[in-house]
1. Taking the stated definitions as given, is Glu25 loosely packed, with under 10 Cβ neighbours inside 10 Å and of a type outside the set (Gly, Ala, Ser)?
2. Would you pick out the residues in region 39-73 that are in contact (Cβ under 8 Å) with a residue 12 or more places away in the chain, within 17 Å of the chain's Cα centre (by Cα) and farther than 21 Å from Ile22 by Cα?
3. Out of (1) modelled with pLDDT of 95 or more; (2) in contact with a Ser or Thr (Cβ under 6 Å, 6 or more places away or on another chain); (3) of a type outside the set (D, E, K, R), what's the single condition that is false for Ile34?
4. I need the full set of residues from region 6-28 which are part of a strand (DSSP E or B) and within 26 Å of Ala103 (Cβ to Cβ), in order please.
5. Taking region 55-89 on its own, how many of its residues are hydroxyl-bearing (Ser, Thr, Tyr) and under 12 Å from Ile99 (Cβ atoms)?
6. Out of (1) of a type in the set (Lys, Arg); (2) surrounded by 11 or more Cβ atoms within 10 Å (Cβ to Cβ); (3) at pLDDT 95 or above, what's the single condition that is false for Lys84?
7. I need a count of the residues in region 53-89 that are aliphatic (A, V, I, L, M) and in a helix (DSSP H, G or I).
8. Pairs needed: first member in region 90-103, assigned to a strand (DSSP E or B); second member anywhere, buried (at least 17 other Cβ atoms within 10 Å of the Cβ) and of a type in the set (Val, Ile, Thr); C-beta distance under 7 Å; at least 6 residues apart or different chains.
Amino acid sequence: MVKKSVRFEIRLPTHYNNKRKIEPEKHSKTIEEIFVKFGAFTFMGIMEGGWRNQNTKKSYREKMRGLFVDVKKKDFIKTVRFFKRYKKTLEKRFKQQVIYIIAFDLYVIE
């Protein structure tokens, strides 16, 4: 049996753009909010990514943590609406222009 779900993944920075380390309580608060809302979460270890500004051609590398939550497929639209609002909260909390949130189909083998 396979259960269809959707995984929402949020990339949270470990440092502000000025290289100062982000306070751990900001990650803790975010985890708690997700846990209260969805009843589950997974907080992943440090990942590294990079990107290039298309206007200035300057390259950036950054470390981040991943936070993800799996929801039932039927709750997809409702969850997207939630994350569209919540994204603004996270961008302000972590002082980022953009917080990256993705969603993809997940097939859980039971």
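The values are calculated or read from the model by the stated rules, or taken from the named source; none is laboratory data. Not measured: the values here are computed from a predicted model. Don't worry about glycine lacking a Cβ; one is built from the backbone with ideal geometry, like all the others, and counts go over all protein chains shown.
1. It is true that Glu25 is loosely packed, with under 10 Cβ neighbours inside 10 Å and of a type outside the set (Gly, Ala, Ser).
2. Within region 39-73, Ala40, Val69, Asp70, Val71 qualify.
3. Against the list (1) modelled with pLDDT of 95 or more; (2) in contact with a Ser or Thr (Cβ under 6 Å, 6 or more places away or on another chain); (3) of a type outside the set (D, E, K, R), Ile34 comes up short only on (2).
4. Val6, Arg7, Phe8, Glu9, Ile10, Arg11, Leu12, Pro13, His15, listed by residue number.
5. Final tally of qualifying residues: 2.
6. With respect to (1) of a type in the set (Lys, Arg); (2) surrounded by 11 or more Cβ atoms within 10 Å (Cβ to Cβ); (3) at pLDDT 95 or above, Lys84 is out only on (2).
7. Qualifying residue count, region 53-89: 2.
8. Matching pairs, first to second residue: Ile101/Ile10; Ala103/Val6.
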